[in-house]
1. Give the number of residues within region A:229-241 that are more than 7 Å from every other protein chain (Cβ to nearest Cβ), part of a strand (DSSP E or B) and crowded, with 19+ Cβ neighbours inside 10 Å.
2. Against the conditions (1) part of a helix (DSSP H, G or I); (2) in contact with a strand residue (DSSP E or B) (Cβ under 9 Å, 6 or more places away or on another chain), where does A:Gln207 fall short? Just the number, please.
3. Working carefully through the options B:Ala39, B:Ala22, find the one that is within 27 Å of the chain's Cα centre (by Cα) and either within 9 Å of chain A (Cβ to nearest Cβ) or at positive phi (or both).
4. Could you check, for region B:80-91, whether at least one of its residues is within 9 Å of another protein chain (Cβ to nearest Cβ), in a helix (DSSP H, G or I), touching a residue at least 12 places away in the same chain (Cβ under 8 Å) and out of contact with any Cys (no Cβ under 8 Å at 6 or more places or on another chain)?
5. Would you confirm whether or not region B:201-214 contains a residue that is within 14 Å of chain A (Cβ to nearest Cβ), closer than 30 Å to B:Phe322 by Cα and of a type outside the set (Gly, Ala, Ser)?
6. Quick one: which residue in A:Asp222, A:Asp213, A:Asp196 is surrounded by 14 or more Cβ atoms within 10 Å (Cβ to Cβ), touching a Lys or Arg at 6+ places or on another chain (Cβ under 6 Å) and under 23 Å from A:Ser307 (Cα atoms)?
7. State all residues of region B:246-257 that are within 18 Å of the chain's Cα centre (by Cα) and crowded, with 22+ Cβ neighbours inside 10 Å; if no residue qualifies, say none.
8. When you scan region A:372-400, how many residues do you find that are over 27 Å from A:Gln180 (Cα atoms) and aliphatic (A, V, I, L, M)?
2 protein chains.
Amino acid sequence: MESKLQELKTHLMEINDLGSAASILHWDQTTYMPPGGAAARGRQLATLSRLAHEKFTDPKIGKFLDDLQPYEESLPYDSDDASLIRATRRGYEKATKVPPSFMAEIQNHAAESYQVWTKARPENDFSAVQPYLEKNLDLSRQLADFFPGYEHIADPLIDFSDEGMKASTVRPLFAELREQLVPIMQTITAQPTADDSCLHQTFPEAQQLEFADDVIKRFGYDFERGRRDKTHHPFMTKFSIGDVRITIRTKEDDLSEGLFSMTHEAGHALYEQGTCTDYEGLPLDGGASSGVHESQSRLWENVVGRSRGFWNFFYPKLQSTFPDQLGDVPIDTFYRAINKVERSLIRTDADEVTYNLHVMLRFDFELDLLEGKLAVKDLPEAWRERFQADFGIVPPDDRDGVLQDVHWYAGGIGGGFQGYTLGNILGAQFFAAALEAHPEITSEIEAGQFGTLHDWLKENIYQHGSKYTAPELIERVTGGPLRIEPYIHYLRSKYGTLYSL
Amino acid sequence: MESKLQELKTHLMEINDLGSAASILHWDQTTYMPPGGAAARGRQLATLSRLAHEKFTDPKIGKFLDDLQPYEESLPYDSDDASLIRATRRGYEKATKVPPSFMAEIQNHAAESYQVWTKARPENDFSAVQPYLEKNLDLSRQLADFFPGYEHIADPLIDFSDEGMKASTVRPLFAELREQLVPIMQTITAQPTADDSCLHQTFPEAQQLEFADDVIKRFGYDFERGRRDKTHHPFMTKFSIGDVRITIRTKEDDLSEGLFSMTHEAGHALYEQGTCTDYEGLPLDGGASSGVHESQSRLWENVVGRSRGFWNFFYPKLQSTFPDQLGDVPIDTFYRAINKVERSLIRTDADEVTYNLHVMLRFDFELDLLEGKLAVKDLPEAWRERFQADFGIVPPDDRDGVLQDVHWYAGGIGGGFQGYTLGNILGAQFFAAALEAHPEITSEIEAGQFGTLHDWLKENIYQHGSKYTAPELIERVTGGPLRIEPYIHYLRSKYGTLYSL
């Protein structure tokens, strides 16, 4: 049996090598590739992902899994071998249930739809994308139907990115969160808006990067096993446990942009750098889910990186990096500026408090669309109504309303958004668990030290890769299910010092 | 038939995509990869090249070639389709004649041998590598024997990198060249050595790169379809016709290093950027042979880039780039410095005149070893003797003698060196043909213009990719076979202005 498992591992590693190669090609495409390389690069990426998919859906993988089932059942559930076989089976079932021709149809339609969207958005022309979106919705429904037996039609789609999560668990959680968040936001936004002009001076890029590199090094990001490059849309990417890279974007007239894209992507990277090296190149090598991944980027970006304790330590350093710009700006002003709350139109620009309202609006619409309660043609109007209800403002056009995010236009409808808010909730929940185990984390952060926190996260979360699903991991780490209370508590206590709540 | 050809092309392009992906991974490995990525990168590269090899040696490729033979025979020899089928068949026959298990044995032994060499060279310990070199020789002989019917045992090995060349053509050519070169070198080195101290000042890297980028842009290197990065051992690499990159190395205390590694690699890159775009991703996409490739790097590096005409235009610019270092250095001094000839121990540091003596020494030993006329154990002594005969000096140790080049220790014996000298000979021969067609090239170079030369090279050489073998191409371009006369004429005329010859 162990030799059969070894053989399976060899196949899986080969598939992983193709996937990693694709990631390297993609990283190069978005960082260094000259314009002339674009056409061939698209073809090369398509070849690699097609070959990886062919190899993973080869019936011999299924045969291995069948043969290994008795061995798996003889092992403890959380042993590495049983977990590997289980995770591989879950992936194999997902990959084989959908016919390749249907996946190709989805991808082709998505590519076409994306092209139409790139023109329709600047032209504020929802009607141009409407038929594409209708087809996207139809294809998303068909995709879900390849996984019969679901409770809610969105469940299989949610499961692709947040394994183990369902509409029936996420929806009530989000409803509860929204109920709490709307009044907090209303109370805050009724008060004078924070002045963030101190962030909008001229900050030369080189010094921004030097400062932010030092921050993420102190977090524990290992530059010997990663690097940081510039790109247009920041992301984290992994080629192996020893090579986990981040890409970031800076703006010379907006200090937040570079700094918080660094801490955000570093959070993702710390997770991947912390994977148990026994999992290298295997299906356990990678985060548990989109929500758990986002919990780490948001924990390091916000819970740590936008905290008062953090800046008590780092602000004097930032001031000496930018003496002309910040020398006379008191820490209170700076701290309010980086935690400014405002009702805004664009999700990706939103602050910690309002961000989830943007996400939940999209999540609810996804369910309504999939259920057939909402027609695509009525989406722009529904968007305006819900925006009015949640934010008290109405987007002046569809460009900054229903057309703003690429997700629905270049992919499917369903499963693409919940991870962001799950991540915010979970980041706070995990941080609370870490603090309970190690109350000294607070004072360490005030001293610019992150070792205890980082070690706790490695021990409890990072090392496990995707051995556990998100619900299993949350139970294991916090002793209970996903809960919004730690997050609400975190927001109330943090924003209670900045505003009257 | 045309649909069958189309199907074959689809397969070939997939194989090319795997190869290009490997090239991208390798480029990243030598430019940006953090140290932690090394282990997985080796595995990923091995997977990609194994898959590409498996796919290319799949019997279905042979079947396509058989089926297409009548079609090929119905077409003119130099039509694109016939050439594609012909080139694919040559590659297929080479790839399938050697059993994969034997290739693996060669690669494994090479990896082991390389490791031993990296220690043995600094320790000046030939005896440590001797058994590995003996096995390399044995494996090289066995490799040749997979191609029975050869005239000389080195022929199949030469053919791997210089298709269409044989010991019986190269050996007499080299003997003739050596006969002419040794007295030229002796005459020059009996005269006072050029003073090249002007090159060994402090030249900040940024200005070096700015200057050299301008030079290669003027050559015609297209930065929209390529880029330049730093590495330890410079090379050119191609991911597609639209993405041909160079990597270079600079030294702040040696102006030659960066400048001439740029012009050298740019020469290789101009060749690849000039390939006919119909060949994209197919076996015709790439240079004709190692010698023809080297002819382009040496033509742009030396024949153009170390010429008096070139510097008549560029030296004032270089002086204004480095006014403190070169402002008072007359052009004559600089020109002599960059064309300094001296008897030196190390091939890679050698000048234009002595370089080929280093190469031919190695080529002759390769033949002697393969023929069994020379035993590996006698190589160090043979090296010293031949060095004395050619250069009139004797290396003080094996480190800078027989141990200096990685080739024999990390690869096979045979076929690895002749391309360098074939390139020097050919570069001069092609340049003479270009000049004959367009005598104005000389005055254009003096004006910093390279369009006529570049266009002629594209038209006559670059666009054809590997449609023609080197002998076919030389015949086509120069109307005759490979000849040393243009090269000897070039050396005599150039060095005749610098030394009494």
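The values are calculated or read from the model by the stated rules, or taken from the named source; none is laboratory data. Owing to the predicted nature of the structure, the values given are computational and were not obtained by experimental measurement. For neighbour counting, all protein chains shown are included, and Cβ atoms are generated from backbone atoms with ideal geometry for every residue, glycine included.
1. First, the residues of region A:229-241 that are more than 7 Å from every other protein chain (Cβ to nearest Cβ): A:229-238, A:241.
Narrowing further to those that are part of a strand (DSSP E or B): A:229-230, A:235-238.
Applying the additional criterion that residues be crowded, with 19+ Cβ neighbours inside 10 Å yields A:236-238.
Within region A:229-241, residues that are more than 7 Å from every other protein chain (Cβ to nearest Cβ), part of a strand (DSSP E or B) and crowded, with 19+ Cβ neighbours inside 10 Å number 3.
2. For A:Gln207, the failing item is (2).
3. Working: B:Ala39 fails: within 27 Å of the chain's Cα centre (by Cα).
Of the residues listed, the single one that is within 27 Å of the chain's Cα centre (by Cα) and either within 9 Å of chain A (Cβ to nearest Cβ) or at positive phi (or both) is B:Ala22.
4. Of region B:80-91, the ones within 9 Å of another protein chain (Cβ to nearest Cβ) are none.
Taking every residue of region B:80-91 in turn, none turns out to be within 9 Å of another protein chain (Cβ to nearest Cβ), in a helix (DSSP H, G or I), touching a residue at least 12 places away in the same chain (Cβ under 8 Å) and out of contact with any Cys (no Cβ under 8 Å at 6 or more places or on another chain).
5. The answer is yes, given that some residue of region B:201-214 is within 14 Å of chain A (Cβ to nearest Cβ), closer than 30 Å to B:Phe322 by Cα and of a type outside the set (Gly, Ala, Ser).
6. Values: A:Asp222 fails: touching a Lys or Arg at 6+ places or on another chain (Cβ under 6 Å); A:Asp213 fails: touching a Lys or Arg at 6+ places or on another chain (Cβ under 6 Å).
Result of the check over A:Asp222, A:Asp213, A:Asp196: A:Asp196.
7. Initial filter on region B:246-257 (within 18 Å of the chain's Cα centre (by Cα)): B:246-249, B:257.
Correct list: B:Ile246, B:Ile248.
8. Filtering region A:372-400 for residues over 27 Å from A:Gln180 (Cα atoms) gives A:372, A:375-378, A:397-399.
Then keep just the ones that are aliphatic (A, V, I, L, M); that gives A:375-376.
Number of matching residues: 2.
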